[in-house]
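Visitor: Below is a structure I'd like to ask you about.
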Amino acid sequence: MPRRRPTHPRFNSSDDLLGAPLAGRIDLHGMSAAQAEAAVRSFIDTWRRREPGAVVLIITGKGKGSPDGAVLRPAIRILLKTKLSGYVSDWALDDSVSDWALDDSEGAFRVRVR
């Protein structure tokens, strides 16, 4: 099966978030999608109150351990684009990275909280 192209850009050395120090991280391995969503909501809310503008890492994994493919990565991407869009910035209109995207490893999101 041919590999699908990502629907979003990745970070490169010219992106601000890649070089930014990480203020915090959360690892969602072993969680269900519902558990992961609740954990990420709480995590983002905590960091936006503690340190607006902080860059955090949300580790979802690549989905290699799931029999039907990635579950957490798509769920968290949708969460960031919808319910958490007021707490983190979304993609810029010109399709460039603004304040969240997949990390180079593709198993985590780097997020700048508002």
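Just so it is clear, none of the values below were taken in a lab; they were calculated from the coordinates. Please read these numbers as outputs of a predicted model, since none were measured by experiment. Positions of Cβ are generated from backbone atoms using ideal geometry, with glycine treated the same way; all protein chains shown enter the neighbour counts.
Visitor: Return, ordered by residue number, the residues of the range 28-66 whose backbone nitrogen is under 14 Å from a label point located 7 Å along Cα→Cβ of LEU22.
Guide: 28-29, 55-62
Visitor: Suppose the chain between LYS64 and ARG49 were pulled fully straight at 0.36 nm per residue; how much longer would it get relative to their current alpha carbon spacing? Mind dumping the intermediate values first?
Guide: Working: separation 15, 0.36 × 15 = 5.40 nm, distance 3.37 nm.
Additional length available on full extension: 2.0 nm.
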